Amino acid sequence: VFVSRFDRKLDETMAAKSLPTGQIGIMNAENIYHIIEDFGLENVRTLFASTGVKGGGLRGDYYVKELMYKNSINTAPIDTIKEFVKEKAEAKNAPSKENISSFFHIIKNNEIDINATYKELLNDGLKQFVTAFDEIMKSL
């Protein structure tokens, strides 16, 4: 589950509409976490990918600390890990599905098309993957 990409994509729009920034990536990740957990699969974990902060305004370990849930895995750049280990952090309980639903209802009411963002970020990610894969194959 990619997290910070959503904030980088939508924070400017969120701020322009007087909505909280640095939240949509977390709320989206928490929503996906609930979906995965609801399957009740004992050996399946939600993986929050590359949860480093890109840009200013947030603690270096913000995404990792916000997404410390049972049955989850965070991947992070080394600088984020160094920031994270400076202070003790405990696993948290994910927010309720109702809180997440309420958040996305506010997003929709403010005419932010989250589905268009999903599609755009998916397409961008797939293009980046193909480029990286091609570079790896060329180096072999």
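Read the figures in this text as sums done on the coordinates, not as results from a lab. These numbers come from a predicted model, not from an experiment. Neighbour counts run over all protein chains shown; Cβ positions are idealised from the backbone, glycine included.
For the chain, relative contact order (Cα pairs under 8 Å, six or more residues apart, normalised by length) works out to 21 percent. Here the dipole of region 4-112 is about 200 debye; that uses its Cα centre as origin and unit charges on the Cβ of Lys and Arg (positive) and Asp and Glu (negative). Secondary-structure-derived ellipticity at 222 nm for the chain, considering helices only, amounts to -18000 deg cm²/dmol, per-run term -39500 (n - 2.57) for DSSP H runs with n ≥ 4. Residues whose amide H lies under 5 Å from that of Tyr69, counting only those 5 or more places away or on a different chain, are Lys92; hydrogens are built 1.01 Å from N in the peptide plane. In terms of surrounding Cβ atoms within a 10 Å radius of their Cβ, Ile114, Ile73 rank from fewest to most as Ile73, Ile114. In a fully extended conformation the segment linking Ser50 and Tyr118 would gain 22.8 nm over its present Cα-Cα distance, using 0.36 nm per residue.
Please identify the GluC sites (Glu not before Pro) of region 64-140 that satisfy two criteria: DSSP loop assignment and at most 13 other Cβ atoms within 10 Å. Which are they? Loop-located and lightly packed - Glu87, Glu90, Glu111.
You can think of it this way: the chain between Ala89 and Phe133 has 12.3 nm of extra reach, that is 0.36 nm per residue less the Cα-Cα gap.
Counting other Cβ atoms within 10 Å of each Cβ, which trypsin sites (Lys or Arg not before Pro) in region 66-131 have at most 15 and sit in a DSSP loop? Sites meeting the loop and neighbour criteria: Lys70, Lys86, Lys88. Maximal additional length on extending the Asp79-Ile36 stretch stands at 12.6 nm, based on 0.36 nm per residue less the C-alpha distance.
Label the chain by shape, choosing from rounded, prolate and oblate, from the square roots a ≥ b ≥ c of the eigenvalues of the Cα gyration tensor; if a/c is under 1.5 it is rounded, and otherwise prolate applies when a/b is larger than b/c, oblate when it is not. Let's see the in-between values first.
Working: a/c = 1.33, a/b = 1.11, b/c = 1.20.
Rounded.
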